[in-house]
Amino acid sequence: MNTFISALLLGLSLILAIGAQNAFVLKQGLKKQYVFMICLICGLSDAILITLGVSGFGVIIQKFPLVITFSKYGGFLFLTIYAIRSIYSSITKTETIDTNTDIKATRVKSALICLALTWLNPHVYLDTVILLGSVSTQFPEQKLQFTLGAISASFIFFFSLGYGSRFLTPLFKKPKSWKVLDFIIGIIMLSIAIKLLLMK
């Protein structure tokens, strides 16, 4: 139980920082669009990466840094485009929530954006695969408990963020609130993109 709680707290401390993925989950939660699917994608992605890290895959990534390099430049390009679109949206759009969209296309698009924000972020590999993988070596006899604790942290955080954000819905009935959120998300995405480009 101590191992489980240690991994849970470590996982939460790594994921709590406002990043591109968290900002997207927050926005989907506020819009009440595919919240369960988005939270599930984020949680399952982390579960896969954490399991790989604990099983020793982090060593492979350190030996083959091409994975990090690809995600670095791919993530920079994707985040820059997303940031520009968010900032542009904050200037031009006036509606509160866009409901005039094709459901199937929007579901697929939302899933693809979520996957890109997760798997094209080098910090995800550094935090989950390498860092958590390294820490797990301190618990050689309790790797299963460590893995479950870290995975639980991801699921608890993402579902809390996705469904908890609806308490802010009254605030976002005003178009101005959405414009401010889009602008903030755009700035967050752009700053993360620049950090990725400068990352060595």
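Figures for the structure shown
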read-out: Given (1) surrounded by 21 or more Cβ atoms within 10 Å (Cβ to Cβ); (2) farther than 15 Å from A47 by Cα, number of the condition I187 does not satisfy; value: (1)
read-out: Segment 1-41 - residue that is small (G, A, S) and within 18 Å of S152 (Cα to Cα) and, of those, surrounded by the most Cβ atoms within 10 Å (Cβ to Cβ); value: A7
read-out: Residues of segment 18-57 satisfying the condition of being of a type in the set (F, W, Y) and closer than 16 Å to R166 by Cα; value: F24, Y34, F36
read-out: Residue satisfying all of: in segment 1-54; assigned to a helix (DSSP H, G or I) and basic (K, R); farthest from G186 (Cα to Cα) among these; value: K31
read-out: Residue in segment 142-153 that is surrounded by fewer than 18 Cβ atoms within 10 Å (Cβ to Cβ) and β-branched (V, I, T) present; value: no
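Every number in this text was worked out from the coordinates using simple rules, so none of it is lab data. A quick note: this is a predicted structure, and the numbers were derived from the prediction, not measured. Cβ sites come from the backbone with ideal geometry, for glycine too, and all protein chains shown count toward neighbours.
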